[in-house]
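Visitor: Dumping the structure here so I can ask a few things about it.
Computed from the coordinates by the stated procedures, all read-outs in this text should not be read as laboratory data. These numbers were taken from a predicted model, which means no experiment stands behind them. So basically every Cβ, Gly included, is an ideal-geometry build from the backbone, and we count neighbours across all protein chains shown.
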Amino acid sequence: MGASASPADTQDAHAMTAQTQPRSPQVGTGHGATLWFTGLPSAGKTTLAEALALRLRAAGRPVEILDGDAVRPVLSPELGYSRADRDANVARIGWVASRLARNGVLVLASVVSPFAAARDGVRASHADAGTPFLEIHVATPLQTCAERDVKGLYARQRSGTLDGLTGIDGEYEPPPNADLRIDTAGRSVDDVTDDLISLLRKENLL
Ligand SMILES: Nc1ncnc2c1ncn2[C@@H]1O[C@H](COP(=O)(O)OS(=O)(=O)O)[C@@H](OP(=O)(O)O)[C@H]1O
Ligand SMILES: Nc1ncnc2c1ncn2[C@@H]1O[C@H](COP(=O)(O)OP(=O)(O)O)[C@@H](O)[C@H]1O
């Protein structure tokens, strides 16, 4: 009769496996990654994330969009638009993105994320998990963003009812080393989405 492992042995074995297993670059199935869209309000972050999501889902890939506007009321209802609050918001969204991406999801995060250090923090947490992170600077000129003014924020800033609007009286630090920089002015959504697909292919994520 063979000796059977005691519950304590089994626990030890589990603990040992968890401690000694090397970190895998892909914890789940498929090739997860985070594409982080940063840029001014009305630059096109949400539109591009949605257009890319359609194409990726059509190709059978699991996709999650984390849009600043949609996520804030859920993850960060107490936060406003001070630097500290924005950095905390970015860190929370980055944490969720990393957890999803390391399990095979293509995460499309569309977040103003105006400060380089906070974005670099998200990149670093992805690197720690061995998960790809691509920073996409949606670098549409301020004048075009203000003309689009999808949510009326630029008009509110001009009329004096909104302070700290990113790009006007709120700081925006452009990424010095973005994986892709896109000026959407005068370009179609489809055309720009082609560039995003090319980037994913180049990175062997598609
Ligand atoms: N002062 C100020 N500056 C910039 N944006 C403002 C501001 N007040 C409200 N909004 C709206 O909030 C959206 C940005 O939220 P985010 O979570 O993406 O921003 S941040 O990364 O925490 O800075 C942003 O969404 P998008 O327009 O989609 O970028 C705005 O709709
Ligand atoms: N090439 C393009 N890429 C993205 N958006 C574009 C483009 N051309 C025009 N737009 C328009 O610009 C606006 C961008 O708004 P939105 O995606 O909400 O910006 P953001 O999420 O950065 O605030 C939309 O009305 C969109 O239709």
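Visitor: Say a site is exposed when it is one of the GluC sites (Glu not before Pro), sits in a DSSP loop, and has at most 13 other Cβ atoms within 10 Å; what is then the longest site-free stretch of the chain?
Guide: Value returned for the longest uninterrupted segment is 79-170.
Visitor: Further, regarding this structure: Average projected area of the Cα convex hull of the chain, in nm²?
Guide: 15.2
Visitor: How are the C-alpha pair distances of segment 143-206 spread across 5 Å bins, as whole percents from the shortest bin up?
Guide: 4, 13, 17, 18, 17, 13, 11, 5, 2, 0
Visitor: Which parts of segment 178-198 would a label at Ala59 reach, counting a residue when its backbone N lies under 11 Å from a point 7 Å out along Cα-to-Cβ?
Guide: 194-198
Visitor: Express the relative contact order of the chain as a whole percentage, based on alpha carbon pairs under 8 Å and six or more residues apart in sequence.
Guide: It rounds to 30 percent for the chain.
Visitor: With r as the distance between the Cβ atoms of Tyr81 and Asn177 and R0 = 30 Å, compute the FRET efficiency 1/(1 + (r/R0)^6) and round to 0.05.
Guide: Efficiency, rounded to the nearest 0.05: 0.75.
Visitor: Averaged over every viewing direction, what's the projected area of the C-alpha convex hull for segment 23-123? Give it in nm², one decimal, please.
Guide: Its Cα hull, projected and averaged over all orientations, spans 6.5 nm².
Visitor: Hey, what's the Kirkwood Rh for segment 27-83 if you take every pair of different alpha carbons, in angstrom?
Guide: Final number for the Kirkwood radius of segment 27-83 is 13.3 Å.
Visitor: What Kirkwood radius, in Å to one decimal, follows from the Cα pairs of segment 105-157?
Guide: Evaluated over segment 105-157, this radius sits at 13.4 Å.
Visitor: Further question: For segment 137-206, what relative contact order do you get, as a whole percent, if you take Cα pairs closer than 8 Å and at least 6 residues apart?
Guide: 39
Visitor: Report the extension gain between Ala117 and Asp169 in nm, rounded to one decimal, defined as 0.36 nm multiplied by the number of residues separating them, less their alpha carbon distance.
Guide: Answer, rounded to one decimal: 16.8 nm.
Visitor: Across the chain, where is the longest run that never hits trypsin sites (Lys or Arg not before Pro) in a DSSP loop with at most 15 other C-beta atoms within 10 Å?
Guide: 24-150
Visitor: Taking Rh as the Kirkwood radius computed over C-alpha pairs, what is the Stokes-Einstein D of segment 66-157 at 25 °C in a medium of viscosity 0.890 mPa s, expressed in µm² per second?
Guide: 172
Visitor: Please name whichever of Phe133, Val105, Val90 sits farthest to the positive end of the charge dipole of segment 57-206, dipole taken about the Cα centre and charges placed at Cβ: Lys and Arg +1, Asp and Glu -1.
Guide: Of Phe133, Val105, Val90, it is Val105.
Visitor: How would you order 68-76, 33-41, 108-116 from highest to lowest mean count of nearby Cβ atoms within 10 Å?
Guide: Most protected by this proxy first, the peptides run 33-41, 108-116, 68-76.
Visitor: Can you tell me the length gained on complete extension of the stretch Arg201 to Trp95, counting 0.36 nm per residue apart and subtracting the Cα distance?
Guide: Going from the current span to full extension adds 35.7 nm.
Visitor: When the chain is fully extended, how far beyond the present Cα-Cα distance does Ala127 get from Thr144, taking 0.36 nm per residue of separation?
Guide: 2.7 nm
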